[in-house]
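Working notes, beginning with the structure itself.
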Amino acid sequence: MTIPRARFLRGAACLALAGVAAPLTAPAARASDRDVVDLLSAQGGFDRFLTLCQRANVTDDLKAAGPFTIFAPTDAAFGRIPESLIADLAGAGGERVPDMVRLRAWMLFHVVQGRHPSSGWTNTQELLTLNGGRLRVDVPQGEPMRVLNASNPTLHTGGFGAGGLATNRIAAIRSPDLVASNGMVHAIDNVLLP
């Protein structure tokens, strides 16, 4: 038995209006069975971020119920900052001891409490990070969305490294809305500095 298309669509529309059936639109993204840490690991390209999170003892926090939104720098993003900064904070080899306070603050500057999909952002919206800092999300028309340190909207030097480092690195959001069981991830192309 074949049901004519027009009759099928009328029936589906009636059911949708009655709340019996789902609307005739694409299904919303479903949460992954993976938490944000496992999602980043499975995606690949976030090894430096995950290693530094582990070194800063924040991995277990990010595996908790959350929800969390992570602005996760890619491995390529870490290639754009001085290796000496990473070594300074994370410790390098057996000679250096990690600066756990600053390392933890740095990693948690990339994490916001709650689930923040890109579709809900407004231009210049600010988000409070888990280290107490603020991120600003810019949603310019015709350009990639971006995120930066809201406390310093103009570029200047200072921050973690000896001799200063640009603290307001603007990061373009390259892969938004990666959904995890305990939050979501937005892949960014620069490392954010508190």
- residue 49 among the aromatic types (Phe, Trp, Tyr) and assigned to a helix (DSSP H, G or I): yes
- Query: Looking only at strands (runs of 3 or more DSSP E) that fall completely inside the stretch 58-171, which ones have 2 or more residues that are exposed (fewer than 14 other Cβ atoms within 10 Å of the Cβ) and at pLDDT 85 or above?
  - Reply: 125-128
- Restricting the search to the stretch 173-194, which residues are part of a strand (DSSP E or B) and of a type in the set (S, T, N, Q)? 175
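The values are calculated or read from the model by the stated rules, or taken from the named source; none is laboratory data. Here the structure is a predicted model, which is why all the values come from computation and not from measurement. Ideal geometry is used to build each Cβ from the backbone, glycine not excepted, and the neighbour counts take in all protein chains shown.
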